[in-house]
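These notes concern the structure reproduced below.
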Ligand code: AGP
């Protein structure tokens, strides 16, 4: 959940490190710090708050050419300068930045304290520089190897030694690290975003590997010291450096990118004439697909919601039993893993620890699991080996938007393939493929004229509580709308199946409580409208998302937002858009930090 970066080269390190931190700030943003090798000593500065606070504090820092830096999401110890990284040994000769959790920190702390170490922070990380000092006998790489051998838990670390100005050492287990190989400079970072402005030649470090970096390159070894000899790979030109491009926030930019990102999720995959689709990354023939007896979609947060939509479509169109699971629950309850089931691990970042844990649980029990992932080369994508990339492009705002619609789209493409191996006819397959291929155009059409979002936002911004309701395919959309509003506007809100509302949540309604009902045309529309009447009878202020042309509904609510009409199974790709925009506009009215909401981080690499 933190971002780490290390630089060694011929240019001043500080500007490079600060630029890298800014690009990775979405990974964690409660404090930041930097350590430079200002020979013969280490120069360390930290600050609580955003990277910009640190930037103004270090602007006159030394012009050193080697350094490490960190942006933190607190796990152990409060948000204080002392707890910010880098952490150092007692003599400030070794500095460490760390992403992950040292699970055996208590026993290590006790051991080190008995040896006379005085701790200056409440963090788990601080044991690492003290352990490296303990093992250091002149060889920095061996000291890091010996240290990580004592750690339990997860780590991505970068280590700077005052006594070794020409070397940095990094290591990983469970927290991502990528090494960028430039011309006379080498960068290690948690995320390629911090690297690609300088080089696209990279080495992805694997778990339990240590890398020694110099300005001329990198040398990867295992924990037994044996060389790995991994060849660098090139990051695809399609992978862009995320820039605001004139938008005030990444979230708004990403909402508006959805017609293109959905297009990328279907491009080259749909076969309109055959009424079918092909997902090469699955490496499954129709015969293999025919043998799948059930599907289980696993994810967290928004990715879980995407799985809920997909599960409904799979049962609806392919008539294959499907369900969705919250990864953090699934992995810890000794789940049953039927050998004829296909599990999908859905994750934007590909780094979510609970989803990774679920993947490992499926694998340990001999199950069949594939990834539905956005970030190419991420940990979950590699762990699964096979799967589907959703290609939504870098998603920087902490609140996920375009990843959701891309995940749903990719899983609907899979649904079509699966359904064609069962009882979906050629004509029906063509209808499904046409409905999917029309979505990018419909999304563009809606975003060009999104309707009375502002009016809805002004009411919701004053509310103490908001209820989101939907039936069938619109139920996960209601969950997603409530999650977005909570995340970025901090307004208590909950999503409910509209039919379940009268079994409890209706008690929350009082005169003027905003209720957002998602009711596009389809099998559940009329029943959803009955629910609208029920909440109106209790004085709720109603905001209705409905299909364009459904004139009967246009005047039925206090605010009516029309989305282009689609087939029911693709409706979430349209109905979620106004809910994303409402959350954005409410957060803007309330002057929230939209791209970096409080307490959150983009990639959740802790349990
Ligand atoms: C979405 O807005 C959230 N930030 C969060 O729920 C997120 O979807 C969840 O943490 C899962 O992340 P992943 O897709 O990267 O695995």
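The values are calculated or read from the model by the stated rules, or taken from the named source; none is laboratory data. Note that the structure is a prediction, hence the values are computed from the model and not measured. When we count neighbours, we look across all protein chains shown, and the Cβ atoms used for this are built from the backbone with ideal geometry, even at glycine.
Select the helices (runs of 4 or more DSSP H) contained entirely in the range 384-483, then report the ones holding at least 1 residues which are within 16 Å of the ligand (Cβ to nearest atom) and either under 26 Å from the mean Cα position of the chain (by Cα) or surrounded by 24 or more Cβ atoms within 10 Å (Cβ to Cβ) (or both).
Hits in the range 384-483: 402-420.
Which ones in the range 563-580 are out of contact with any strand residue (DSSP E or B) (no Cβ under 9 Å at 6 or more places or on another chain) and away from the ligand (no atom under 12 Å from the Cβ)?
The answer is 567, 568, 569, 570, 573.
Would you mind telling me which numbered condition in (1) more than 30 Å from residue 312 (Cα to Cα); (2) within 16 Å of the ligand (Cβ to nearest atom); (3) surrounded by fewer than 22 Cβ atoms within 10 Å (Cβ to Cβ) residue 606 fails?
(1)
Report yes if residue 346 is under 23 Å from residue 470 (Cβ atoms), away from the ligand (no atom under 16 Å from the Cβ) and touching a residue at least 40 places away in the same chain (Cβ under 8 Å), otherwise no.
Considered against the rule, which asks whether it is under 23 Å from residue 470 (Cβ atoms), away from the ligand (no atom under 16 Å from the Cβ) and touching a residue at least 40 places away in the same chain (Cβ under 8 Å), residue 346 comes out as no.
Does any residue of the range 569-586 turn out to be outside the structural domain of residue 392 (by TED's automatic domain parsing), farther than 30 Å from residue 434 by Cα and assigned to a loop (DSSP other than H, G, I, E, B)?
No, the range 569-586 contains no residue that is outside the structural domain of residue 392 (by TED's automatic domain parsing), farther than 30 Å from residue 434 by Cα and assigned to a loop (DSSP other than H, G, I, E, B).
Answer yes or no: is there a residue in the range 540-552 that is under 26 Å from residue 433 (Cβ atoms), at pLDDT 95 or above, surrounded by 22 or more Cβ atoms within 10 Å (Cβ to Cβ) and within 16 Å of the ligand (Cβ to nearest atom).
Taking every residue of the range 540-552 in turn, none turns out to be under 26 Å from residue 433 (Cβ atoms), at pLDDT 95 or above, surrounded by 22 or more Cβ atoms within 10 Å (Cβ to Cβ) and within 16 Å of the ligand (Cβ to nearest atom).
Which residue out of 92, 75, 63 is in a loop (DSSP other than H, G, I, E, B), touching a residue at least 24 places away in the same chain (Cβ under 8 Å) and at positive phi?
Only one candidate passes the filter, namely 92.
Quick check on the range 113-125. Is at least one of its residues at negative phi, outside any loop (DSSP other than H, G, I, E, B) and surrounded by 19 or more Cβ atoms within 10 Å (Cβ to Cβ)?
Taking every residue of the range 113-125 in turn, none turns out to be at negative phi, outside any loop (DSSP other than H, G, I, E, B) and surrounded by 19 or more Cβ atoms within 10 Å (Cβ to Cβ).
Looking at (1) in contact (Cβ under 8 Å) with a residue 12 or more places away in the chain; (2) surrounded by fewer than 19 Cβ atoms within 10 Å (Cβ to Cβ); (3) away from the ligand (no atom under 16 Å from the Cβ), which is the one condition that is false for residue 226?
Here residue 226 meets the rest and fails (1).
Return a yes/no flag: does the range 589-606 have any residue that is part of a loop (DSSP other than H, G, I, E, B), within 22 Å of residue 257 (Cβ to Cβ) and free of Cβ contacts under 8 Å to residues at least 40 places away in the same chain.
yes
Here are the criteria: (1) within 12 Å of the ligand (Cβ to nearest atom); (2) over 22 Å from residue 269 (Cα atoms); (3) touching a helix residue (DSSP H, G or I) at 6+ places or on another chain (Cβ under 7 Å). Tell me which single one residue 371 does not satisfy.
Among (1) within 12 Å of the ligand (Cβ to nearest atom); (2) over 22 Å from residue 269 (Cα atoms); (3) touching a helix residue (DSSP H, G or I) at 6+ places or on another chain (Cβ under 7 Å), the lone unmet condition for residue 371 is (2).
Do we find a residue being more than 30 Å from residue 159 (Cα to Cα), in contact with a strand residue (DSSP E or B) (Cβ under 7 Å, 6 or more places away or on another chain) and not assigned by TED's automatic domain parsing to the domain that holds residue 480 anywhere in the range 236-256?
For the range 236-256, residues more than 30 Å from residue 159 (Cα to Cα), in contact with a strand residue (DSSP E or B) (Cβ under 7 Å, 6 or more places away or on another chain) and not assigned by TED's automatic domain parsing to the domain that holds residue 480: absent.
Which ones in the range 506-525 are in a helix (DSSP H, G or I) and either surrounded by fewer than 17 Cβ atoms within 10 Å (Cβ to Cβ) or within 16 Å of the ligand (Cβ to nearest atom) (or both)?
507
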